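The values are calculated or read from the model by the stated rules, or taken from the named source; none is laboratory data. Worth saying up front: this structure is predicted, and the values here are computed from it rather than measured. Here the Cβ positions follow ideal geometry from the backbone for every residue, glycine too, while neighbour counts run over all protein chains shown.
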Amino acid sequence: MTDKKERTLVVIKPDGIQRSLIGEIVKRYERAGLKLVGIKMFVPESGFVEKHYLLDPGWKESVGKKTLEAYKDKGLEHPAGDDPIKAADTIIEALKKYLSSGPVIAMVWEGINSVGVVRKITGGTEPLTSDVGTIRGDYTIDSYKLADVDGRSVRNLVHASGSPEEAKNEIKLWFSEKELLDYRLVQEAILYDVNLDGILE
């Protein structure tokens with residue numbers, strides 16, 4: 001069975017807001033057939049940003065290891081030495097500064113395979129290597145290398161949940177139940193109904 005009501009979190013980050021890309025980003029998800037069921041704009045506090053990234057207890061270990069490996073592959077030594085947790089702490093601090101620097105728009109999108117569809121439309125984490133046709137590939141040119149040189153987070157416009165389980169946890173953090181709406185769009189009949197009943201008069 002497929003979940004036609006699968007939901008995922010999308011956050012337009014401060015750089016997406018400042019670049020006036022809100023409408024363009026929303027349009028990409030809408031045109032794919034996803035339904036917007038929750039939206040709000042606010043400036044997240046640094047503590048909230050940290051809470052978001054630490055929803056997954058293994059996040060620090062995983063991200064820290066990837067960071068150290070990336071440095072090693074480039075023949076560089078990370079300031080944290082070989083401690084993945086310290087490396088992740090550096091990343092968290094940069095993310096807190098980045099995401100609390102201005103307003104963000106948090107959204108919940110609903111539809112079949114919404115997590116995967118949103119990830120595909122959004123593109124890879126690094127804009128420089130994201131495919132043409134994706135949001136990150138089309139609208140920004142930032143890279144890990146430039147972000148490292150500047151000592152900041154990579155500015156990639158959008159956060160998108162990585163899995164259905166992650167999406168559920170993130171949505172609970174960012175939205176209350178009363179902020180999410182259940183309603184029907186006419187286009188859902190075209191996307192999901194077995195028979196296209198009711199089209200012809």
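A few notes on this one:
- With respect to being within 22 Å of residue 17 (Cα to Cα) and buried (at least 16 other Cβ atoms within 10 Å of the Cβ), residue 63 falls outside the description.
- Matching residues in the stretch 144-190 - criterion: being hydroxyl-bearing (Ser, Thr, Tyr) and surrounded by fewer than 16 Cβ atoms within 10 Å (Cβ to Cβ): 163, 176, 183
Yes or no, residue by residue, for (1) over 23 Å from residue 105 (Cβ atoms); (2) at pLDDT below 95; (3) touching a helix residue (DSSP H, G or I) at 6+ places or on another chain (Cβ under 8 Å):
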residue: 2; (1), (2), (3): yes, yes, no
residue: 16; (1), (2), (3): no, no, yes
residue: 22; (1), (2), (3): no, no, yes
residue: 30; (1), (2), (3): no, no, no
residue: 34; (1), (2), (3): no, no, yes
residue: 42; (1), (2), (3): no, no, no
residue: 69; (1), (2), (3): yes, yes, no
residue: 81; (1), (2), (3): yes, yes, no
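- Every pair of residues 6+ apart whose Cβ atoms lie under 9 Å, when the first sits in the stretch 12-25 and is in contact (Cβ under 8 Å) with a residue 60 or more places away in the chain while the second is basic (Lys, Arg) and not in a helix (DSSP H, G or I): 13/155; 14/155; 15/155; 16/155
- Filtered by the rule that a residue be touching a Leu at 6+ places or on another chain (Cβ under 9 Å), crowded, with 21+ Cβ neighbours inside 10 Å and hydrophobic (A, V, I, L, M, F, W, C), the stretch 83-114 gives 87, 106, 107, 108, 109.
- Taking the conditions (1) part of a helix (DSSP H, G or I); (2) in contact (Cβ under 8 Å) with a residue 40 or more places away in the chain; (3) crowded, with 19+ Cβ neighbours inside 10 Å; (4) in contact with a Ser or Thr (Cβ under 7 Å, 6 or more places away or on another chain) in turn, residue 136 satisfies each one other than (2).
- First in the stretch 68-82 and within 17 Å of residue 93 (Cα to Cα), second anywhere and part of a loop (DSSP other than H, G, I, E, B) and modelled with pLDDT of 80 or more, Cβ under 6 Å, 6 or more apart: 68/78
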